[in-house]
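Structure, as structure tokens:
The values are calculated or read from the model by the stated rules, or taken from the named source; none is laboratory data. All of these numbers come straight from a predicted model, not from anything done at the bench. Cβ coordinates were reconstructed from backbone atoms using ideal geometry, including for glycine residues, and neighbour counts include every protein chain displayed. What goes into the accessible areas is simple: the full protein's heavy atoms, side chains included, and nothing from ligands, DNA or RNA. Shrake-Rupley method; radii C 1.70, N 1.55, O 1.52, S 1.80 Å.
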Amino acid sequence: MSSSLSPSNQSLTCFQKFLFCFSKNMQAKPSHIIPTKFPSPIELPPLHRIPTPARTKIPRVISISAPDNSQVSGHVTLENIDDSVTAFWDYQFLFVSQRSETVAPVTLRVVDGAVPPDFPSGTYYLTGPGLFTDDHGSTVHPLDGHGYLRAFIIDGVTAEVKFMARYVKTEAQVEEHDPETGTWRFTHRGPFSVLKGGQKLGNTKVMKNVANTSVLKWGGRLLCLWEGGIPYEIESGSLDTIGRFDMVYGCDLAMDGADNGGDLVDVAAGLLKPILYGVFKMPPKRLLSHYKMDTRRNRLLTLSCNAEDMLLPRSNFTFCEYDSDFNLLQRQKFNIPDHLMIHDWAFTDTHYILFANRIKLDVMGSVAAVCGLSPMISALSVNPSKSTSPVYLLPRFPDKSFSYRDWRVPVEAPSQMWLMHVGNAFEVMDDNGNLEVQVHACCCSYQWFNFKRMFGYDWQSGRLDPSIMNVKERGNELLPHLVQVSINLDADGGCQACSIEPLNQWTKPTDFPVINPTFSGNKNTYIYAATSSGSRQTLPHFPFDMVVKLNVLDKSINTWSAGARSFIGEPIFVPKPGEEDDGYLLVVEYAVAIQRCYLVILNPKRIGEADALIARFEVPKHLNFPLGFHGFWADTTDTKF
């Protein structure tokens, strides 16, 4: 479904309707959902400024509930309005704090359809930030929000869906939350935030492990991961936090003796380590939040790096592979002489693949960050000095094919790109020993990517600016979009060609590419991702409102839309026996117009058709939650989970 929305230069009447609904809303009983700070008056981009309403004072929001539509005549309760004001508030509602947790599973109400009879029993785990404001004037960047783990338990026999949600009790969460009063006081800065109500100068609590980025169930353990530290283990039934799971140290520390020589970089590393480890309490190793699953070998693959490398012109990466009982099978360490920041990566049958997101030290930003005047991430900035993108093909098994290729020499992809997320990678060898490597991924432009302004967060005001994610000029080129990277190696390992092109020529802003996980690391036909219809004039690119299915063989493209004023997050594929697209897609719909969250089940084979929607389940209003990041499907019949 889709909607045709009216122009953004709405009259004062539309704005008055908005305020009327909002005033009714303010009379509702508080539901303990605390939003980020909203501007008053609203500041709008020049092309979408509404002169008269901009002078209207909006009351400070303490708690927001859904508008009482029954008390507003007709259908003018923000249902069909598309102007800058509505767009601004729709965006904010995706980042409204949720302080409530569930003690026991809550059965979700069926809104449409039903759980299919052949749907496998299991749990869809979704993690992301849950809290953005404390009770003492501070707000944090969404990436610094405390991890809030959501679980949708689907019973394929009874066709019931139950919901649970709990905060991950990290060290920072325990310190900042008072369980007796239910109040919060932020004491950790986090890498992306500056505290307004807390200590600035001398606050060394930078690496705030909030366990909010991804979730994994493997070897009987449920883990919540974060980009800068150790995963936290969660009890899968109650969602109670068990504690930290030190898989990083078991894999990495045993290899520390194999470090580099005694060059100047090593000397600098030796000086940095006691400061980072001792003063700033950073863990020596950073486990990346993105892991990979080699389903053919039944292995879990992880990647970690050294903490001090964030500030040095070199990068040490350690790859570990585990069996289904979490036994370490192998580990390899690679030292790359470049300053890199890796968020996601790829693997094939014989290679690990790293796209070199190049960064550099920002001296002035470092001074401001150390003084507490700007976020710690201000110490770094992107490094667009190369017109190409280095791609490192690292040997996964040194004793196998292409082990003689010098992995330290990267393949230079012919255009500059910052890699965000990987959908899949695979390789195909011909009869002559030539190898073709393909990577399907999401990337954006160095010109647009900004550490401090992701999601439009303004650390100085504590506000979220939707225009950052919705640039008007060259939006399809600058913002995250899907690409296919093809690398051709000859039988001697030499690179014969490398190309980058939009995947299926789909150029709309798109992210969170996923596939049927049983094809991970192997040749696949289908890619699914979250994308934008572009139907909203003031939110043309983000948040996403459609699921797109791309067939990389016949180049066909099909979409499913959540509809007007509804957004979606990352889709998840639930496989079942049969063809590659046999299974189901799970995605959370955020219906901001009525402030509801829904779990949606889609038929992957019917994406693009009217009957793609199989079922929708409504999360109770008081348990609405913010936009999630990454999820995981754990089938109860799969022994490795």
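Restricting the calculation to Cα atoms, the stretch 114-176 yields a radius of gyration followed by a Dmax of 16.1, 50 Å. Between the residues 517, 496, 442, the greatest Cα displacement towards the positive end of the dipole of the stretch 416-518, with unit charges on the Cβ of Lys, Arg, Asp and Glu, is found for 442.
Along the axis of the charge dipole computed for the stretch 542-623 (Cβ charges of +1 for Lys and Arg, -1 for Asp and Glu, origin at the Cα centre), the listed residues 564, 594, 575 are led at the positive end by 594. Per the Debye calculation on the stretch 544-589 with a single equal scatterer at every Cα and no solvent contribution, log₁₀ I(q)/I(0) for q = 0.15, 0.23, 0.31, 0.32 Å⁻¹ amounts to -0.46, -0.91, -1.13, -1.14.
Volume per residue of the convex hull around the Cα atoms, evaluated for the stretch 344-386, comes out as 81 Å³.
When +1 charges are put on Lys and Arg Cβ atoms and -1 charges on Asp and Glu Cβ atoms, the dipole computed for the stretch 461-596 relative to its Cα centre reaches about 620 debye. Just the protein heavy atoms count here, and of the accessible area of the stretch 398-539 at 1.4 Å, carbon and sulfur take up 47 percent. Working value for the stretch 399-468: equivalent-ellipsoid semi-axes of 39, 13, 11 Å, each the square root of 5 times a Cα gyration tensor eigenvalue, largest first. Pairs of C-alpha atoms in the stretch 276-315 farther apart than 14 Å represent 57 percent of all such pairs. Taken over the alpha carbons of the stretch 428-479 as equal point scatterers, the Debye sum produces base-10 log I(q)/I(0) values at 0.13, 0.17, 0.19, 0.32 Å⁻¹ of -0.49, -0.63, -0.71, -1.21.
Scanning residues 5 or more positions from residue 359 or on other chains, those with amide H under 5 Å from its amide H are 339, 340, 341, 383, with H placed 1.01 Å from N in the peptide plane. Highest average first, the peptides 323-331, 449-457 ordered by how many other beta carbon atoms sit within 10 Å of their residues are 449-457, 323-331.
Once C-alpha pairs closer than 8 Å and six or more residues apart are averaged by separation and normalised to the residue number of the stretch 369-412, the relative contact order reads 33 percent. The share of alpha-carbon pairs in the stretch 549-641 lying farther apart than 15 Å comes to 66%. Ordering of 264-277, 604-617 by packing is 604-617, 264-277, highest average first (other Cβ atoms within 10 Å, averaged per residue).
Scattering from the stretch 417-535 was approximated by placing one identical point on each alpha carbon and applying the Debye formula without solvent; log10 I(q)/I(0) at 0.17 1/Å stands at -0.89.
On the basis of the beta-carbon distance and an R0 of 22 Å, residue 474 and residue 343 show a calculated FRET efficiency of 0.45.
Scalar couplings 3J(HN,Hα) for the stretch 115-127, obtained by applying the Karplus form with A = 6.51, B = -1.76, C = 1.60 to θ = phi - 60°, are 5, x, x, 9, 6, x, 6, x, 10, 9, 9, 9, 10 Hz; x denotes Gly and Pro.
Computed from label points 7 Å out along Cα-Cβ, the spacing between residue 158 and residue 275 is 5.7 nm.
With R₀ set to 25 Å, the beta-carbon distance separating residue 135 from residue 622 gives a calculated FRET efficiency near 0.80.
Rolling a 1.4 angstrom probe over the protein heavy atoms with all chains in place gives the stretch 319-364 an accessible area of 34 Å² per residue. A 1.4 Å probe run over the protein chains yields, for the stretch 453-538, 37 Å² of accessible area per residue, whole-number rounding.
Relative to the current alpha-carbon distance between residue 371 and residue 325, full extension at 0.36 nm per residue lengthens the span by 12.0 nm.
The fraction of all Cα pairs in the stretch 298-372 landing in successive 5 Å bins from 0 to the largest distance is 3, 13, 21, 20, 15, 11, 7, 5, 4, 1, given as whole percents. Through the Karplus equation 6.51 cos²θ - 1.76 cosθ + 1.60, θ set to phi - 60°, convert the phi angles of the stretch 354-365 into ³J(HN,Hα) values in whole Hz; use x for Gly and Pro. Running phi through 6.51 cos²θ - 1.76 cosθ + 1.60 with θ = phi - 60° gives 10, 8, 7, 6, 8, 10, 8, 7, 9, 4, 5, x Hz. Each Cα pair of the stretch 353-410 feeds into the Kirkwood radius, which the Stokes-Einstein equation turns, at 37 °C and 0.692 mPa s, into a diffusion coefficient of 235 µm²/s. Pairs from the list 169/605; 400/508; 162/605; 333/452; 281/452 with a Cα-Cα gap above 28 Å: 169/605; 400/508; 333/452. Where the centre of each part is set by its Cα atoms, how far does the stretch 396-442 sit from the stretch 309-385, in angstrom? That distance is 19 Å. Scalar couplings 3J(HN,Hα) for the stretch 490-496, obtained by applying the Karplus form with A = 6.51, B = -1.76, C = 1.60 to θ = phi - 60°, are 7, 5, 8, x, x, 7, 8 Hz; x denotes Gly and Pro. Stretched out straight at 0.36 nm per residue, the stretch from residue 576 to residue 385 would grow longer than its current Cα-Cα span by 64.1 nm.
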